[in-house]
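> Mind looking over this structure? Questions follow.
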Amino acid sequence: MARRGDRASDECRTTGENSITGDGMTGDGMTGDGMTGDGMAAGQKEVIRLSNVQFRYPGADSCSLQGIDLVLYKGDFIAVAGSNGSGKSTMCKTFNGLIPQYYAGELEGEVLICGAAAEGQSVSALSRQVAYVFQDFENQLVRPTVLEEVTFPPLNFGYADYKERGMQALRLLGLEHLKEEWIWQLSGGQKHMVALASALSLDPEVIVIDEPVAQLDPARARIIYDKLKMLNEQLGKTIVVIEHHTEFIADYCRRLALMEGGRLLWVKPVQEGLSQVEQLLRANIQPPQATQAIYALETRTPARLYPVTLEQAVQHLEREYGSGGKGDGRVSVGQNNDGYRDGHGCGRDNNGYCDGQEPGRDNSGDGPGNTAAGTDRSHAGFPQGAAPLGPSEHLNPELQIPACQERSAGEQPVIRIAGVVSGYRDLNRSMKPVLKGIDLSFYPGERVAIVGNNGAGKSTLMRLISGIRRPWEGEVAVCGLDTRRVSPERLADHVAFLFQNPEEMFIQDDIRKDIEYYLKARKQEPYLDFVDDIVSRFRLTDIEKRDGRLLSGGQQRRATLAIGLAMRPAVMLLDEPTASLDIASRREMTLLLEQLKDRIQVVLVATHDMQLVADWATRVIVMHQGRVLLDGDSRTVFQRTEVVEKAALIPPQIVQLSARLGMNPVALSVEEFAARYHAVTKEEIALGSR
């Protein structure tokens, strides 16, 4: 069988010329000459073909895959999208034999890998052709150092040049400087890159990455995709990503496959696929915010291709509505705008603020950081002479996220952190501080987002509040309890901590038992009706008897949220709660937290999800290298470009778009953007002076 796999691999390697370049589309996003209906060049060699594939997990009432027909081509870059439990990961695990050889079940249909049937071939043989980087990528790191990890796969296959293969993989991804590092000392982003390098060391034809950016800060997420783009364009690797974040799909992928209920609905070129706004929303997939914004502004336009990237949206608005007084323009794009330029971050003016708007100062007139000489600043489509809006309190209250609450005299914090220093010991027993002098207090009713780059100290701060760790210096008090003097078990009566890796939350053989566990252990009778409500709200009824460790990543997230909320805590700590969640699950999470606000006094979320920050948080703590850079509301944070860049954050696409169009203050949601844009004749918005 292994020899047959080798022949198939040779066939893949000798066909095609790595000729895929660009985005495979014409300038208007339509497929060009010689393209197939799904956006691939006619005559491209097949590397994977699924024909009428069906799969049922043991004990499941229905098939997780139902009649899947899919072809992947050499040099393809395809995204697989769908709601949680739609079958994305299950389908991709058939590519290298993980299903049905590792994940048992009933598999029907035909799977061809490089022209040879996968049936009868081992996972080992197929892994030479199809590499898989799991969503929980840390679980596939098995060696102590980086170099040992990346040489482990070729060493196991008996390649004499295993060291050279490992070093080549590190070079391709720019990781040579980490070769002697201990795996456990790496950041999450570095571990993810090492897992990719390990897979790359076998020189596979196809690389499958499940949720590549789920646990990464926005800047490192871009780095991962830039590396995948390099592997695709320069080495001709076929890349498959399972992805919820459509902005990355728009910027990097060529094709989009949409799944729903175990079925493959369609495969389309990316721009055509992401233009199916209503269908994507029905499937609980969030189209790019730039696409949603144009769609919201042009709801009477017949179905067509919409802009799917930030740049396309800016160009479209300039072309359709004019700028600088041209056309019937609603907005002035401003050719010299130094605001958020692209998805990699935002520009800054000489003072470090977006568009010269420095919080807390009068930006009218000709002072520093305002209108540059020679730049067209006419307010096309805006009321003539209208002054730019200042602080966010001038917005329509219905469009405004509540600001941090004013504290009455004598109000006591739920959580108080004073002079805290904490960290870990390395293998040499040296003290490595992670948090360096943190002073924070959190009050009843606050919804707090803790943001920052990987390694900034967000998770460490959460563990201190939960009592899992104790500070080296300083004090952490929760609900009046000093965490240095009480056990984590006692603190659990007040604090629920949902881990970044959801599989760590499951200790029973079905998720309903996990949800009931705390209530039963603390003898909090009656609880059955309460658990029924939690299970129903998180759409877990159909899977409540399944082992949580065998669920999809998104299903695991929903289950862990149910476990935490069933504890009825005063403080809820969530570490990356929206990673891998579809729209419906994210909405349910925030709605349920809102409904339980009378029971939960403070909710703290450590997150890289900037849209969650914009939509939900009343307070944002920006961390960098173990210190607090900024403590304020989300609108303030997103307009402080020097803080955004330093903390490796990337504002939501709608924030970038509104900044590019001169909205002051920036819009935090598509709904706000569309309402303010349409209300221009009512003086709801005015072009910010630059």
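The values are calculated or read from the model by the stated rules, or taken from the named source; none is laboratory data. Since we're looking at a predicted model, the values are computed, not measured. Quick reminder, even Gly has a Cβ in these numbers, built from the backbone with ideal geometry, and neighbours come from all protein chains shown. Accessible surface is based on the protein model in full, side chains and every heavy atom, while ligands, DNA and RNA are left aside. Shrake-Rupley method; radii C 1.70, N 1.55, O 1.52, S 1.80 Å.
> Please work out if Ala214 is assigned to a helix (DSSP H, G or I) and more than 14 Å from Ala79 (Cα to Cα).
Considered against the rule, which asks whether it is assigned to a helix (DSSP H, G or I) and more than 14 Å from Ala79 (Cα to Cα), Ala214 comes out as no.
> Okay, moving on. Just name the residue that is farthest from Glu272 (Cα to Cα) out of those in the stretch 40-64 that are modelled with pLDDT of 90 or more, touching a Lys or Arg at 6+ places or on another chain (Cβ under 8 Å) and among the hydrophobic types (A, V, I, L, M, F, W, C).
Cys63
> Now, a different point. Of the residues that sit in the stretch 519-528 and are of a type outside the set (A, V, I, L, M, F, W, C) and open to solvent by 30 Å² or more (accessible area, probe 1.4 Å), which one is modelled with the lowest pLDDT?
Residue satisfying both the conditions and the ranking: Glu525.
> While we're on this one: Within the stretch 111-137, can you find the residues that are open to solvent by less than 20 Å² (accessible area, probe 1.4 Å) and without any contact (Cβ under 8 Å) to a residue 60 or more places away in the chain?
In the first step, residues of the stretch 111-137 are kept if they are open to solvent by less than 20 Å² (accessible area, probe 1.4 Å); the result is 111, 113-114, 116, 118, 121, 125-126, 129-133, 137.
Answer for the stretch 111-137, where residues must be open to solvent by less than 20 Å² (accessible area, probe 1.4 Å) and without any contact (Cβ under 8 Å) to a residue 60 or more places away in the chain: Ala118, Phe137.
> Sort out which residues of the stretch 571-599 are touching a Lys or Arg at 6+ places or on another chain (Cβ under 8 Å), modelled with pLDDT of 85 or more and not charged (D, E, K, R), and write them in order of number.
Listed by number, the list is empty, since nothing qualifies.
> Moving on. Report, by residue number, each residue of the stretch 536-562 that is in a loop (DSSP other than H, G, I, E, B) and either of a type outside the set (Phe, Trp, Tyr) or surrounded by fewer than 17 Cβ atoms within 10 Å (Cβ to Cβ) (or both).
Of everything in the stretch 536-562, those that are in a loop (DSSP other than H, G, I, E, B) and either of a type outside the set (Phe, Trp, Tyr) or surrounded by fewer than 17 Cβ atoms within 10 Å (Cβ to Cβ) (or both) turn out to be Arg539, Leu540, Glu544, Lys545, Arg546, Asp547, Leu551, Ser552.
> Right, here's the next one. If the requirement is being buried (at least 24 other Cβ atoms within 10 Å of the Cβ), of a type outside the set (Phe, Trp, Tyr) and touching a Ser or Thr at 6+ places or on another chain (Cβ under 8 Å), which of these qualifies: Ala606, Ala659, Ala584? Walk me through it before giving the result.
Details: Ala659 fails: touching a Ser or Thr at 6+ places or on another chain (Cβ under 8 Å); Ala584 fails: buried (at least 24 other Cβ atoms within 10 Å of the Cβ).
It is Ala606.
> Something else now. Is the stretch 425-432 home to any residue that is within 24 Å of Glu489 (Cα to Cα), surrounded by fewer than 21 Cβ atoms within 10 Å (Cβ to Cβ) and polar (S, T, N, Q)?
Taking every residue of the stretch 425-432 in turn, none turns out to be within 24 Å of Glu489 (Cα to Cα), surrounded by fewer than 21 Cβ atoms within 10 Å (Cβ to Cβ) and polar (S, T, N, Q).
> Can I ask one more? Across the stretch 611-629, what is the total count of residues that are among the polar types (S, T, N, Q) and not in a loop (DSSP other than H, G, I, E, B)?
The total comes to 1.
> Just give me the residues in the stretch 158-200 being part of a loop (DSSP other than H, G, I, E, B) and more than 23 Å from Ala79 (Cα to Cα), in sequence order.
Gly158, Tyr159, Ala160, Asp161, Gly174, Leu175, Lys179, Glu180, Glu181, Leu186, Ser187
> Let me ask another. Tally up the residues in the stretch 94-110 that are surrounded by fewer than 23 Cβ atoms within 10 Å (Cβ to Cβ) and touching a helix residue (DSSP H, G or I) at 6+ places or on another chain (Cβ under 9 Å), please.
First, pick out the residues of the stretch 94-110 that are surrounded by fewer than 23 Cβ atoms within 10 Å (Cβ to Cβ): 98, 100-110.
If we keep only those that are touching a helix residue (DSSP H, G or I) at 6+ places or on another chain (Cβ under 9 Å) as well, we get 98, 101-103, 105-107.
Residues in the stretch 94-110 being surrounded by fewer than 23 Cβ atoms within 10 Å (Cβ to Cβ) and touching a helix residue (DSSP H, G or I) at 6+ places or on another chain (Cβ under 9 Å): 7 in total.
> Please find, within the stretch 200-212, the residue that is nearest to the chain's Cα centre (by Cα) out of those that are of a type in the set (A, V, I, L, M) and either modelled with pLDDT of 95 or more or buried (at least 23 other Cβ atoms within 10 Å of the Cβ) (or both). Full working, then the answer.
Of all residues in the stretch 200-212, those of a type in the set (A, V, I, L, M) come to 200, 202, 206-209.
Filter once more, keeping what is either modelled with pLDDT of 95 or more or buried (at least 23 other Cβ atoms within 10 Å of the Cβ) (or both): 200, 206-209.
Details: Leu200: 23, Val206: 23, Ile207: 19, Val208: 17, Ile209: 13 Å.
Per the stated criteria, the residue is Ile209.
> Which of the residues that make up the stretch 418-429 are out of contact with any helix residue (DSSP H, G or I) (no Cβ under 8 Å at 6 or more places or on another chain) and under 13 Å from Gln185 (Cα atoms)?
Tyr424, Arg425, Leu427, Asn428, listed by residue number.
> On the given criteria, is Val213 within 21 Å of Phe157 (Cβ to Cβ) and out of contact with any Gly (no Cβ under 9 Å at 6 or more places or on another chain)?
Spelling it out, it is not the case that Val213 is within 21 Å of Phe157 (Cβ to Cβ) and out of contact with any Gly (no Cβ under 9 Å at 6 or more places or on another chain).
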